[in-house]
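Q: This is the structure, below, for whatever I ask next.
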Amino acid sequence: MNSTDLQRLLCQGPRPTRLAQTQQKCAALLQETPARPRTGFWAFLSQVWRFTGVPMWAAQGAAAALFFLAAAGQKDLVSWLPLLGPLLVGACLPILFAGPRYEMDELEASTCVSRAELALAKLVLAAAADLVLLTSALALGSTRTEKALLPLFFYLLVPFLFCALTALAVLRRCPRSHGTICLAVCCATAAGLLAVHLAAPQLYETSALGGWALAFTGFGGFFVRELVFLLQKRKGEAICGIAA
């Protein structure tokens, strides 16, 4: 049953006549019941790791392994590096959107943590894997191509930040899309970068470094804003967006 049907059924039911008295009685009962200590975030993060962390790291590791195998025989690794970002974000999507996809919204809402905190825990685990894999790709690109680290850093991070920003925005605003919007954005980004790789592999190097830096600053700013919003929702335990 979706939220529209539930709201329609509730509107058809009897109207409460003693709502204030009921709220007071419920508040009194809650005060009489011993408070259950809340689970700390790091303890909760370890629990999330047991159920979703290992599959997420495995999916990202498999995606990175396929990327490195495909790029191993290429003379110019630089033109392949931007493809890794959308690939890693796409590998995270099944775990990030598992709740709405399996219709687990009500169960997640009944746990001792908000869905904002659950999403934050999944993002922390995904970010840890991304940090390891992107750093490995950056080190490999630097040793194989002997190019400056700054351009390689931008080639890796700009497409990754764009796809990750899209995933964060969709996760917060319309999680019931089941990640289809994010998957479409990741596929379109990877297809565009692959077309550039096949048609003009030197385009990354000939592009102005300032343009890459400007794109990195823009996407990075929006990415940080989405993360700050999520942290505020988790701290205030607000029922809004992904915490609904």
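The values are calculated or read from the model by the stated rules, or taken from the named source; none is laboratory data. Just so you know, these numbers come straight off a predicted model, no measurement behind them. Every residue, glycine among them, receives a Cβ derived from its backbone with ideal geometry; neighbour counts consider all protein chains shown. For accessibility, only protein heavy atoms count, side chains too; no ligands or nucleic acids. Shrake-Rupley method; radii C 1.70, N 1.55, O 1.52, S 1.80 Å.
Q: Please return the ranges of helices (runs of 4 or more DSSP H) entirely within region 36-96 where 3 or more residues are touching a residue at least 24 places away in the same chain (Cβ under 8 Å) and touching a Pro at 6+ places or on another chain (Cβ under 7 Å).
A: Correct list: 84-96.
Q: Out of all the residues in region 148-188, which are assigned to a helix (DSSP H, G or I) and among the small types (Gly, Ala, Ser)?
A: The first filter runs over region 148-188 and keeps only residues assigned to a helix (DSSP H, G or I), leaving 149-173, 175-177, 180-188.
Scanning region 148-188 gives 164, 167, 169, 177, 184, 188.
Q: Can you name the residue in region 129-150 that is farther than 14 Å from residue 164 by Cβ and hydrophobic (A, V, I, L, M, F, W, C) and, of all such residues, is farthest from the chain's Cα centre (by Cα)? Even if it seems obvious, please write down each step before you answer.
A: If we filter region 129-150 for residues that are farther than 14 Å from residue 164 by Cβ, which is where we start, we get 132, 135-150.
Now narrow it down to the ones that are hydrophobic (A, V, I, L, M, F, W, C): 132, 137-140, 148-150.
Numbers: 132: 16, 137: 20, 138: 21, 139: 24, 140: 25, 148: 29, 149: 26, 150: 25 Å.
Across region 129-150, the extreme among qualifying residues is 148.
Q: Here is a further query. Of the conditions (1) within 30 Å of residue 194 (Cα to Cα); (2) open to solvent by 70 Å² or more (accessible area, probe 1.4 Å); (3) modelled with pLDDT of 80 or more, residue 75 satisfies every one except a single condition; which number is it?
A: (3)
Q: A follow-up question, please. Please work out which one of (1) loosely packed, with under 13 Cβ neighbours inside 10 Å; (2) touching a Cys at 6+ places or on another chain (Cβ under 6 Å) is the condition residue 184 fails and give its number.
A: (2)
Q: Within region 126-156, which residues are over 30 Å from residue 50 (Cβ atoms), touching a residue at least 12 places away in the same chain (Cβ under 8 Å) and either exposed (fewer than 15 other Cβ atoms within 10 Å of the Cβ) or charged (D, E, K, R) (or both)?
A: Once the filter is applied, which keeps residues that are over 30 Å from residue 50 (Cβ atoms), touching a residue at least 12 places away in the same chain (Cβ under 8 Å) and either exposed (fewer than 15 other Cβ atoms within 10 Å of the Cβ) or charged (D, E, K, R) (or both), region 126-156 yields 144, 147, 150.
Q: Do we have any residue at all in region 130-147 that's of a type outside the set (A, V, I, L, M), touching a helix residue (DSSP H, G or I) at 6+ places or on another chain (Cβ under 6 Å), in a helix (DSSP H, G or I) and within 15 Å of residue 92 (Cβ to Cβ)?
A: First pass over region 130-147, keeping only residues of a type outside the set (A, V, I, L, M): 130, 135-136, 141-147.
Remaining after also requiring touching a helix residue (DSSP H, G or I) at 6+ places or on another chain (Cβ under 6 Å): 130, 141-142.
Now drop any that are not in a helix (DSSP H, G or I), which leaves 130, 141-142.
Going one step further and asking which of them are within 15 Å of residue 92 (Cβ to Cβ), we end up with 130.
Yes, that holds for at least one residue.
Q: Can you pull out every residue in region 68-82 that is polar (S, T, N, Q) and within 26 Å of the chain's Cα centre (by Cα)? Write out each step before concluding.
A: Step one: of region 68-82, the residues polar (S, T, N, Q) are 74, 79.
Within region 68-82, 79 is the sole residue that qualifies.
Q: Something else: Could you list, in sequence order, the residues of region 187-228 that are in contact with a Phe, Trp or Tyr (Cβ under 7 Å, 6 or more places away or on another chain) and under 29 Å from residue 172 (Cα atoms)?
A: Those that are in contact with a Phe, Trp or Tyr (Cβ under 7 Å, 6 or more places away or on another chain) and under 29 Å from residue 172 (Cα atoms): 189, 212, 213, 216, 219.
Q: Could you give every pair whose Cβ atoms fall below 6 Å, whose first residue belongs to region 216-235 and is under 21 Å from residue 41 (Cα atoms), and whose second residue is buried (at least 16 other Cβ atoms within 10 Å of the Cβ) and modelled with pLDDT of 80 or more, counting only separations of at least 6 or pairs across chains?
A: Listed by first residue and then by second, the contacts come to 226/168; 230/120; 234/120.
Q: Could you check residue 123 against (1) modelled with pLDDT of 80 or more; (2) farther than 17 Å from residue 226 by Cβ; (3) surrounded by 14 or more Cβ atoms within 10 Å (Cβ to Cβ) and say which number it fails?
A: All conditions are met except number (2).
Q: Say whether the condition of being more than 25 Å from the chain's Cα centre (by Cα) and of a type outside the set (Gly, Ala, Ser) is met by at least one residue in region 158-175.
A: Our first condition is that a residue be more than 25 Å from the chain's Cα centre (by Cα); within region 158-175, this holds for none.
Within region 158-175, none of the residues are more than 25 Å from the chain's Cα centre (by Cα) and of a type outside the set (Gly, Ala, Ser).
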